[in-house]
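Participant: Structure below; questions to follow.
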Amino acid sequence: MSTNPGQEESNGGQRDHYFAATPSASSNPATIELVLPDLYLKLATDSGVFSRTAIDPGTKLLLLDGPKPILADAQLGDIGAGYGPIALGLAKRNPQATVWAIEINERARALCQQNADAAELSNVQVVAPDEVPASVRFDRLWSNPPIRVGKPALHDLLIRWLSRLQPGGSAHLVVQRHLGADSLQKWLTGQGWSTTRRGSKASYRLLDVTARHPEHQHPEHQHEEDQP
């Protein structure tokens, strides 16, 4: 197993990023369990995807301590869904909602769809980023974002999806403190998204992000060196 949680070993000893569209690592299927007080999921995983050997602690913390379910028709999104622990957890807790599992990694998308089918969750839409219809606006977004993709790409990703929140909508992120959670909070607020810390446990921060006002919909991208 790679010592870098953002990478897997490929056959040639090269590092294979889980945020690559097409992983080069040879398939090595596995099955893991997501166990929470209110739900249980058995999930297929594989090499070349994020946290393939166990549920990431940050993901589990977000599912445990994130906002309560929405008991109504809603559009929910999981940005960087991987094999689906957040998206499928949301779908089970919010059966009337549509959950968009948005993932660039084609192997992870296939696993997420497989896991949704196995759990009989018909309210999950597994899609690549460019497959989300332009008309969709989100009531809530959830993400354990790919911090290791690099600051400019991370900022572009967040701007892209947070800009699609409904008025009054919110996003809920989990980020490790030592990977820049506090500076990311500051950057988001500076971009017009009011961001507060929901909680902190071990090395993780839970951040709540509020949809910004219309006059702040198109700020210039900021990629200062002191940002995450």
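Participant: Of all residues in the stretch 60-78, how many are basic (K, R) and either crowded, with 17+ Cβ neighbours inside 10 Å or more than 23 Å from L158 (Cα to Cα) (or both)?
Facilitator: 1
Participant: Condition first: in contact with a helix residue (DSSP H, G or I) (Cβ under 8 Å, 6 or more places away or on another chain) and either surrounded by fewer than 22 Cβ atoms within 10 Å (Cβ to Cβ) or not in a strand (DSSP E or B) (or both). Now tell me which residues in the stretch 168-183 satisfy that.
Facilitator: H172, Q176, L179, G180
Participant: Restricting to the stretch 18-40, and then to whatever is closer than 30 Å to T196 by Cα and either small (G, A, S) or surrounded by 13 or more Cβ atoms within 10 Å (Cβ to Cβ) (or both), can you tell me which residue is modelled with the lowest pLDDT?
Facilitator: Y18
Participant: Of all residues in the stretch 18-41, how many are outside any loop (DSSP other than H, G, I, E, B) and among the hydroxyl-bearing types (S, T, Y)?
Facilitator: Total satisfying the criteria: 2.
Participant: Out of the residues in the stretch 47-59 that are out of contact with any helix residue (DSSP H, G or I) (no Cβ under 6 Å at 6 or more places or on another chain) and crowded, with 21+ Cβ neighbours inside 10 Å, state the one that is modelled with the highest pLDDT.
Facilitator: Step by step, filter the stretch 47-59, then rank; the result is G58.
Participant: Turning to a different aspect of this structure: For the stretch 184-208, which residues satisfy the criterion of being in contact (Cβ under 8 Å) with a residue 60 or more places away in the chain, not in a loop (DSSP other than H, G, I, E, B) and not hydroxyl-bearing (S, T, Y)? Full working, then the answer.
Facilitator: From the stretch 184-208, those in contact (Cβ under 8 Å) with a residue 60 or more places away in the chain are 198-199, 201-202, 204, 206, 208; that's our starting set.
Those left that are additionally not in a loop (DSSP other than H, G, I, E, B): 198-199, 201, 204, 206, 208.
Within the stretch 184-208, R198, G199, K201, L206, D208 qualify.
Participant: Which ones in the stretch 99-139 are free of Cβ contacts under 8 Å to residues at least 60 places away in the same chain and closer than 14 Å to D46 by Cβ?
Facilitator: E103, R109, A110, C112, Q113 - these are the residues of the stretch 99-139 that are free of Cβ contacts under 8 Å to residues at least 60 places away in the same chain and closer than 14 Å to D46 by Cβ.
Participant: Still on this model: crowded, with 16+ Cβ neighbours inside 10 Å, under 17 Å from L34 (Cβ atoms) and among the polar types (S, T, N, Q): is that true of N94 in this structure?
Facilitator: Working: crowded, with 16+ Cβ neighbours inside 10 Å: yes; under 17 Å from L34 (Cβ atoms): yes; among the polar types (S, T, N, Q): yes.
So N94 passes the test.
Participant: Please verify whether the stretch 130-148 includes one or more residues that are under 23 Å from V174 (Cβ atoms), surrounded by fewer than 14 Cβ atoms within 10 Å (Cβ to Cβ), of a type outside the set (D, E, K, R) and at pLDDT below 95.
Facilitator: no
The values are calculated or read from the model by the stated rules, or taken from the named source; none is laboratory data. Just so it is clear, the model here is predicted, and its values are computed rather than measured. Neighbour counts run over all protein chains shown; Cβ positions are idealised from the backbone, glycine included.
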